[in-house]
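K.L.:
For reference, the structure I am asking about is given below.
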Amino acid sequence: MEVLQPTSWGEALAAKEEHPGAVPLAGGTDLLVELNFDRRRPETIIDLTRVAELNEWSHVNGGVRLGAGVDYTRVIAELASELPGLAIASRTVGSPQIRNRGTVGGNLGTSSPAGDALPPLVASGARIELAATSGTRVVPVEEFCIAPKRNVLAPDELIAAIHMPVATGPQQFSKIGTRNAMVIAVASFALTLDPPARSVGTGIGSAGPVPLRATEAERFLEGVLDEEGLWDSRGQLSEGAVARFGQLASEASRPIDDVRGSAAYRRHSLGVMAGRTLAWAWDEYRGTL
Amino acid sequence: MTPTKERTIAPPVRGGVGTSARRQDSVPKVKGEFAYSSDLWAEGMLWGATVRSPHPRAAIRSLDITDALTVSGVHAVLTHEDVPGRKLFGMEIVDQPVLAWDEIRYEGEPVALVAADHPENARRAADRLRVDYEELPPLVDPERAVEPDAPQLHASGNLIRHARIRCGDPAVTADVVIEGTYETAMQDQAFLGPESGLAVPAEDGGIDLYVATQWLHVDLEQLAASLGLPQDKVRITLAGVGGAFGAREDLSMQIHCCMLALYTGRPVKMMYSREESFFGHVHRHPARMHYEHGATREGELVYVKARIVLDGGAYASSSTAVCANATAFACGPYEVPNVQVDALAVYTNNPPCGAMRGFGAVQACFAYESQMDKLADALGMDPVELRMKNAMSTGSAMPTGQIVEGPAPVAELLRRVKEMSLPPAGHDAPLDLRSLPGGVSNTTHGEGIRRGVGYAIGFKNIAFSEGSDDFATARVRLFAAGGEPQVEVHSAAAEVGQGVGVVQIQVARTELGVERVTLLPADTTVGSAGSSSASRQTWMTGGAVKSACEAVRARLLERAAGELGGSPSDFSMEGGKIVSQTNGIEVSIADLLGRDSIEETREYRHRKTYPMDPETGQGDAHVAFAFAAHRAIVDVDTELGLVRVVELATAQDVGKAINPLSVEGQIEGGSAQGLGLALMEEIQVSNGRIRNPSFTDYLIPTVLDMPPMKIDVLELGDPEAPYGVKGVGEAPTISSTPAVIAALRDATGRALERAPVRPEDVVGLTEREVR
C-alpha cells in the first residue's frame, strides 16, 4: 500500500490523476476503521491532511465556502451562526476525538446515508465543488450521493469544498441513536427556514439509500406559511400543520430494517423529529425562544 | 498493650484491610503505561492468525493449505491434524474442537492457524486457505433443539442439562395468579482488551505462555492435554488483562498460539481484532423464561412455576453451571413454599455461551422481578411492599432446601433504596441536552418525557457451588531488606481489573503489620487460585493470603520465643516489631530475621457444597449469597422511545469492604453493565450469524447513559468468610437490569418483556411481540 502525502492542492489533484484508484484520506475516521477491519486494501492512499487549502473556510458570494478538510470541531466553534444546522449536526458526531479528526468533506466522500453532516447540507441546498486537474465542477448535494457509499466523483476528482448559503433564519437538526452519545444515526432530520426566500428546506438521514429531501413536506409548509401570512405575522403555527408536516416528512423516507433499527421505527421517529424541529425553529423565528 | 494472650491483629498499618489503598497497577494504567497482553513483544516473534468458518453449520469436505503456504513470510499453516494432543477442549465438558475437522457448529469456529512474519501476511495467508464446506441448515431455535426429531449437534444430544426444582405441593392453587414470558438477549462482556498473548517455546521442549486470562490453572490443564505435554512443561504467566467479566474463562487463542510456537520454534503472538473477539469468546446465554406466580390476596407468595430455556450455542462451556444458577435463583430472594422449576441448557448452532458476570442469575432476576411487579399490580400493592413481605432472611429455606445462613438483608436493602431521597423532577434551565433522553443528538427539549421509578433486588451464590473442590493458594514470604521488614505475596489470582491485587497486599499488611508488600506476577509456579469469577477472589485468595500470613507469623513468633525465651503466645507483632506481652521486650522483625526469610504456602477452601438432586433440585449447593437492590429513575421520551436514566440508587451488603473505593467501582461498573443489558446491549444473531460484531453496532453505555449513583454499602459480615467479606462483583449487575426496565414500565405502561428494551418497544411498534 502506497501512501502519497501531497502538500498542496495542485499536487493532490495531480496525484489523483496519476492514481485514479487511490483513496483520499482526510480525518480517517471511516477509512482507517475499514483498513483495521481488513475490509479494504487500496493500493494507494492520498493523505490530504497536509493540504492547507482544504482546511480553510471563507465567505464567497454571500455564502460560505467550506474547505473539504475542515473538521467538525471547527464547524461547531467557528460556524455556529452562519451554518447553525450543520453546527448542530456536527455536535452529534462521535466523540470529541472523532470531531477533531472527522471532516464534512470526508462525510461526503464516504457517502453513507447515515452521515450526520449530510441532511443539513441537503436542507440548505449545499453545492459540492469537485476538482480535477482538468477543471472544477459544482454539483447539488442531492445529486452527489447516488447510492449507499456511492457518489458522482470521477476517478480523477477530489472534493474541494462545500458551498452553503449563510443562514437567513432558524435551522435545526435532530438525530436518533440508541444511546445518548457516540452513536450512528438510526434516523435524522434537518430543517432550514429561509424567511427572505419564504422557503423551507429539509433533509432526511439514515432512512433511504441516500440523504433525502421531504419535498412534499416543504411545499406543504411553505403553502401554510404563505396562506396564513405567517412569515410576516410570525403567528403561531397550528398543531395540525406541525403534525401534517411530520407525517409528510415521514412519508418521504425510504427506510429499511437493519441492525440499528426497523423501517417502521425510522418512519415513526422521522415524523416526531420533523414535528419537533419545526416547532423549535418556528418558536425561534417567532422570537419566543 | 493488650494483656490478653489471644492473637490480636497488629496495630493499624497504612494501607491495610478496610482502607482504599492505591492499587499496584493504577498509576501505570491511568498514564497509559500499563502493558496489556496486546503489548507483548519478543525478539524474532511471528504473528498468528485464525482461519474461521463463515458458516454457522457446515460439513468440511476438504481442507487445502497449499496456497496459503505460498504466501511470503508464512512459517506455518496448521489444521486439526497438527493438534499434538487431545483434539478437544472444554472446562466442564470436553466437547469443543481445538480446530474443527468434520463439522462446523457455529459461525467463526476456528478451522486452521497461520503463523507469519507480519500480521498482514498471516491474514493474507488465512484468506488463501481453501476449505470446501457443505453448508447445512443451522439449528438456531433452542426450543426446537430439544424436540426429538431435531438434528443432533453432538453425539450426546442437544440437551446439555435439565435442572429441576420440585418443592412443596405441585397442585397447590392460589387466589391470584399471574403469568408472563420474558426474554433476555445475548450480551457480550465487551472487555476493552481483545484476546491476546505470546507463546515462547522453551529449550526443554515446553512452552511459556503469557496471556490475559481469568484462571491460569484451568488453562494449564487444557493446554497440556491438547499440546500433548506434561503439565510441568507448560508455564503460564498472566499478562496485562483488559477486563474479563467471564469471557476469559474459556480458552480462546491459548492452544492455538502455543501450537504455532511449538511448530515454528519461534515466539508467536496472537491478538484478536475487535470483530474477531466477538467470535472468539463465549457470551451471556440468551434466555426465554415462562413464569407463573400464585399468591394470596394479602400478597403472600404461594407458588412459583418456571420454565427457563438457555441457549448454550454450539459448545457447552459453563452451561451446566449457568443452568444450575438459573434454577437455584429462579424465584428470587423470596420465601416460596411451593416451587416447580425446569431449566434447560441446550446446544444450537448459535455462538457458544458461557460465563458472564451474574452467571444465570441475571436472566432469572429479570423474569422474577418483572413478575413481582406484575403481581403487585394485580394485587394493587406497592411493589416494594410486596417484595418486603416475601423477603427471605437468615434461616429461610431456599426452594432447594438449603437454609440461608449468614446475613440475608433482603427487606433491609429494599427499605434503604426506597427511603433514599428522590432527585428533583424537571430539568435545569438553561436546557442541557446531556440531561435529556437522546442526549446531544437533540431529539427533545422536554417534549414527550415521562418519569418512571422502578425497583429490583437480586441475589447470587459466591464462589463455586455443587460440590466443586474450590480452593485458592497463596505463598507469602517475610524477609528483611535495608533493615526493614518486607513481604512478598505470590498467587495465581488473575487481576482482571477488579482489584484482587491490592486486596492481597492489604491483607498481608494487616496480618503482618508490614507496609512494604510486593505482589509477584501471577503465574503457574504457585498453586491454583481458582478463577477470577463467581465473586470469589477476595474471599478465596484473600483467605489464602490471610492463612499463609498467619502461618508466617506463627513461625516468626516461634523464632522470637526461641531467641528471647518464653512461649510464642507471649509475643505479638506490632508495627514491624515483636513485642513480649509478659516483659515488654521488643525486637525488630528485621533484627530477628537477619538474612533469613520465612515463607509459607497455604490453600484456602470454603466449606463443602453438594450437588443439586437431578430430580428435585434439593441440596446444599452453595457457600453463601450476595444481595443487592436497585432503584432506577428514568426519563423516557415516550414518543421516540429514547431513555435517560436519571439516577441509579443501590444498597448492597458486601460483608466487609476490604477496599471501599474498589467496592464502589465494582458496584458502579456492575450497575452500568446491567443498565447496558436493559437498554442497548445485544449481540443480534440472525440464523446463526452475528449481525453486529463491532463497537459501532454493539453499543455499551457511555458517560451520558450511565447516571450518577447513590451507593449504600452495608458491611454485615459473613461469619464463614475471612474478615466477613462477601463477593461484590456480580450482585450489582443482577438487579440493575430489572430495576431500569421496571422504571420504563412505570413511565410508559407498556409490558416490556424483553431485555434490552429498544426504542421500538417503548413506542409500541413491537407490542406483544416477544421476539
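K.L.:
Hey, B:Gly724 hits all of (1) surrounded by fewer than 23 Cβ atoms within 10 Å (Cβ to Cβ); (2) within 14 Å of chain A (Cβ to nearest Cβ); (3) of a type outside the set (A, V, I, L, M) but one; which does it fall short on?
P.N.:
The one condition B:Gly724 does not meet is (2).
K.L.:
For B:Met388, work out the one condition from (1) under 33 Å from the mean Cα position of the chain (by Cα); (2) open to solvent by less than 50 Å² (accessible area, probe 1.4 Å) it doesn't fulfil.
P.N.:
Exception for B:Met388: condition (2).
K.L.:
Oh, and also: Pick from B:Thr400, B:Thr394, B:Thr443: which is assigned to a loop (DSSP other than H, G, I, E, B) and over 30 Å from B:Asp342 (Cα atoms)? Outline the logic, then answer.
P.N.:
On the way: B:Thr400 fails: over 30 Å from B:Asp342 (Cα atoms); B:Thr394 fails: over 30 Å from B:Asp342 (Cα atoms).
Among B:Thr400, B:Thr394, B:Thr443, only B:Thr443 is assigned to a loop (DSSP other than H, G, I, E, B) and over 30 Å from B:Asp342 (Cα atoms).
K.L.:
Yes or no: region B:675-691 includes at least one residue that is more than 9 Å from every other protein chain (Cβ to nearest Cβ), surrounded by fewer than 24 Cβ atoms within 10 Å (Cβ to Cβ), assigned to a helix (DSSP H, G or I) and of a type outside the set (A, V, I, L, M).
P.N.:
no
K.L.:
Pairs under 9 Å by beta carbon, first residue modelled with pLDDT of 95 or more in region B:250-274, partner open to solvent by 30 Å² or more (accessible area, probe 1.4 Å) and β-branched (Val, Ile, Thr), six or more apart or different chains?
P.N.:
Final answer for the pair search is B:Ala261/B:Val200; B:Arg266/B:Val200; B:Pro267/B:Val200; B:Val268/B:Val200.
K.L.:
Same structure again: Being among the small types (Gly, Ala, Ser), open to solvent by less than 30 Å² (accessible area, probe 1.4 Å) and over 30 Å from B:Val234 (Cα atoms): is that true of B:Gly180 here? Walk me through it before giving the result.
P.N.:
Details: among the small types (Gly, Ala, Ser): yes; open to solvent by less than 30 Å² (accessible area, probe 1.4 Å): yes; over 30 Å from B:Val234 (Cα atoms): yes.
For B:Gly180, the condition - among the small types (Gly, Ala, Ser), open to solvent by less than 30 Å² (accessible area, probe 1.4 Å) and over 30 Å from B:Val234 (Cα atoms) - is met.
K.L.:
Okay, moving on. Within region B:596-608, is even one residue of a type in the set (S, T, N, Q) and not in a loop (DSSP other than H, G, I, E, B)? Write out each step before concluding.
P.N.:
Restricting attention to region B:596-608, the residues satisfying the condition of being of a type in the set (S, T, N, Q) are B:597, B:601.
Okay, now just the ones that are also not in a loop (DSSP other than H, G, I, E, B), so B:601.
Yes, region B:596-608 has at least one match.
K.L.:
Oh, and also: Kindly provide the set of residues from region B:281-321 that are under 20 Å from B:Cys167 (Cβ atoms) and basic (Lys, Arg), ordered by number.
P.N.:
B:Lys305, B:Arg307
Each row is one residue, and each column tells you yes or no for (1) open to solvent by less than 10 Å² (accessible area, probe 1.4 Å); (2) within 14 Å of chain A (Cβ to nearest Cβ); (3) under 30 Å from the mean Cα position of the chain (by Cα); (4) closer than 30 Å to A:Tyr265 by Cα.
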position	(1), (2), (3), (4)
B:Val587	no, no, no, no
B:Asp591	no, no, no, no
B:Arg607	no, no, yes, no
B:Asp613	no, no, yes, no
B:Thr616	no, no, yes, no
B:Thr650	yes, no, yes, no
B:Lys656	no, no, yes, no
B:Asn659	yes, no, yes, no
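So that you can scan it fast, the table gives a plain yes or no per residue for (1) free of Cβ contacts under 8 Å to residues at least 24 places away in the same chain; (2) over 14 Å from the mean Cα position of the chain (by Cα):
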| position | (1), (2) |
| --- | --- |
| A:Thr73 | no, yes |
| A:Glu82 | no, yes |
| A:Thr92 | no, no |
| A:Arg99 | no, yes |
| A:Asn107 | yes, no |
| A:Ser111 | no, no |
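K.L.:
Run down B:Ala742, B:Ala747, B:Ala751 and say which single residue is touching a Pro at 6+ places or on another chain (Cβ under 9 Å) and either within 30 Å of A:Val186 (Cα to Cα) or part of a loop (DSSP other than H, G, I, E, B) (or both). Lay out the reasoning, then the answer.
P.N.:
Numbers: B:Ala747 fails: touching a Pro at 6+ places or on another chain (Cβ under 9 Å); B:Ala751 fails: touching a Pro at 6+ places or on another chain (Cβ under 9 Å).
Only one candidate passes the filter, namely B:Ala742.
K.L.:
A follow-up question, please. Inspect region B:408-424 for any residue being in the same structural domain as B:Met388 (by TED's automatic domain parsing) and touching a Leu at 6+ places or on another chain (Cβ under 7 Å) and give the result as yes or no. Don't jump to the end; show me each part of the working.
P.N.:
To start, the set of residues in region B:408-424 that are in the same structural domain as B:Met388 (by TED's automatic domain parsing) comprises B:408-424.
Remaining after also requiring touching a Leu at 6+ places or on another chain (Cβ under 7 Å): B:409.
Yes, region B:408-424 contains at least one residue that is in the same structural domain as B:Met388 (by TED's automatic domain parsing) and touching a Leu at 6+ places or on another chain (Cβ under 7 Å).
K.L.:
Taking A:Tyr265 and the conditions (1) more than 11 Å from chain B (Cβ to nearest Cβ); (2) more than 21 Å from A:Val93 (Cβ to Cβ); (3) touching a residue at least 24 places away in the same chain (Cβ under 8 Å); (4) among the hydroxyl-bearing types (Ser, Thr, Tyr), which numbered condition does it fall short on, given that it satisfies the others?
P.N.:
(1)
K.L.:
Now a separate question. What are the residues in region A:64-73 that are surrounded by 19 or more Cβ atoms within 10 Å (Cβ to Cβ) and not in a helix (DSSP H, G or I), if any? Working first, answer last.
P.N.:
First, pick out the residues of region A:64-73 that are surrounded by 19 or more Cβ atoms within 10 Å (Cβ to Cβ): A:64, A:66-72.
Those that are surrounded by 19 or more Cβ atoms within 10 Å (Cβ to Cβ) and not in a helix (DSSP H, G or I): A:Val64, A:Leu66, A:Gly67, A:Ala68, A:Gly69, A:Val70, A:Asp71.
K.L.:
Looking only at region A:232-262, count every residue that is at the interface with another protein chain (Cβ under 10 Å from one of its Cβ atoms) and of a type in the set (Ser, Thr, Tyr) and tell me the total.
P.N.:
So the first thing to find is which residues in region A:232-262 are at the interface with another protein chain (Cβ under 10 Å from one of its Cβ atoms), and the list is A:258-262.
So of that shortlist, the ones also of a type in the set (Ser, Thr, Tyr) come out as A:262.
Total satisfying the criteria: 1.
K.L.:
For B:Glu221, indicate whether it is outside any strand (DSSP E or B), open to solvent by 30 Å² or more (accessible area, probe 1.4 Å) and within 14 Å of another protein chain (Cβ to nearest Cβ).
P.N.:
Against the criterion (outside any strand (DSSP E or B), open to solvent by 30 Å² or more (accessible area, probe 1.4 Å) and within 14 Å of another protein chain (Cβ to nearest Cβ)), B:Glu221 does not qualify.
K.L.:
Report yes if B:Ala321 is open to solvent by 20 Å² or more (accessible area, probe 1.4 Å), small (Gly, Ala, Ser) and assigned to a helix (DSSP H, G or I), otherwise no. Let's see the steps before the verdict.
P.N.:
On the way: open to solvent by 20 Å² or more (accessible area, probe 1.4 Å): yes; small (Gly, Ala, Ser): yes; assigned to a helix (DSSP H, G or I): yes.
Yes: the conditions hold for B:Ala321.
K.L.:
Looking at (1) of a type in the set (Gly, Ala, Ser); (2) buried (at least 24 other Cβ atoms within 10 Å of the Cβ); (3) under 30 Å from B:Leu251 (Cα atoms), can you tell me which one B:Ser273 breaks?
P.N.:
(2)
K.L.:
Go over the candidates B:Arg434, B:Arg509, B:Arg451, B:Arg536 one by one and state the one that is surrounded by fewer than 24 Cβ atoms within 10 Å (Cβ to Cβ), away from chain A (no Cβ under 14 Å) and among the charged types (D, E, K, R). Steps first, answer last, please.
P.N.:
Numbers: B:Arg434 fails: away from chain A (no Cβ under 14 Å); B:Arg509 fails: surrounded by fewer than 24 Cβ atoms within 10 Å (Cβ to Cβ); B:Arg536 fails: surrounded by fewer than 24 Cβ atoms within 10 Å (Cβ to Cβ).
On inspection, the qualifying residue turns out to be B:Arg451.
K.L.:
Looking at region A:167-185 only, could you name the residues that are more than 7 Å from chain B (Cβ to nearest Cβ), surrounded by fewer than 24 Cβ atoms within 10 Å (Cβ to Cβ) and touching a helix residue (DSSP H, G or I) at 6+ places or on another chain (Cβ under 8 Å)?
P.N.:
The answer is A:Ala167, A:Gly169, A:Pro170.
K.L.:
While we're looking at this one, here's another question. Has region B:470-486 got any residue that is open to solvent by 10 Å² or more (accessible area, probe 1.4 Å) and closer than 23 Å to B:Val703 by Cα? It would help to see each step written out before you state the result.
P.N.:
Initial filter on region B:470-486 (open to solvent by 10 Å² or more (accessible area, probe 1.4 Å)): B:471, B:475, B:477, B:479-486.
Subset that is closer than 23 Å to B:Val703 by Cα: none.
No, the conditions are met nowhere in region B:470-486.
K.L.:
Another question about this same structure. List the strands (runs of 3 or more DSSP E) inside region B:448-541, counting only whole elements, that have at least 2 residues being under 24 Å from B:Gly16 (Cα atoms).
P.N.:
Working: elements: B:449-462, B:471-481, B:484-491, B:517-519.
Because the criterion is at least 2 residues that are under 24 Å from B:Gly16 (Cα atoms), the strands (runs of 3 or more DSSP E) in region B:448-541 that meet it are B:471-481, B:484-491, B:517-519.
The values are calculated or read from the model by the stated rules, or taken from the named source; none is laboratory data. These figures come from a predicted structure and were not determined experimentally. Backbone-built Cβ (ideal geometry, glycine too); neighbour counts: all protein chains shown. In case anyone asks, the SASA skips ligands and DNA or RNA and just uses the protein heavy atoms, side chains included. Shrake-Rupley method; radii C 1.70, N 1.55, O 1.52, S 1.80 Å.
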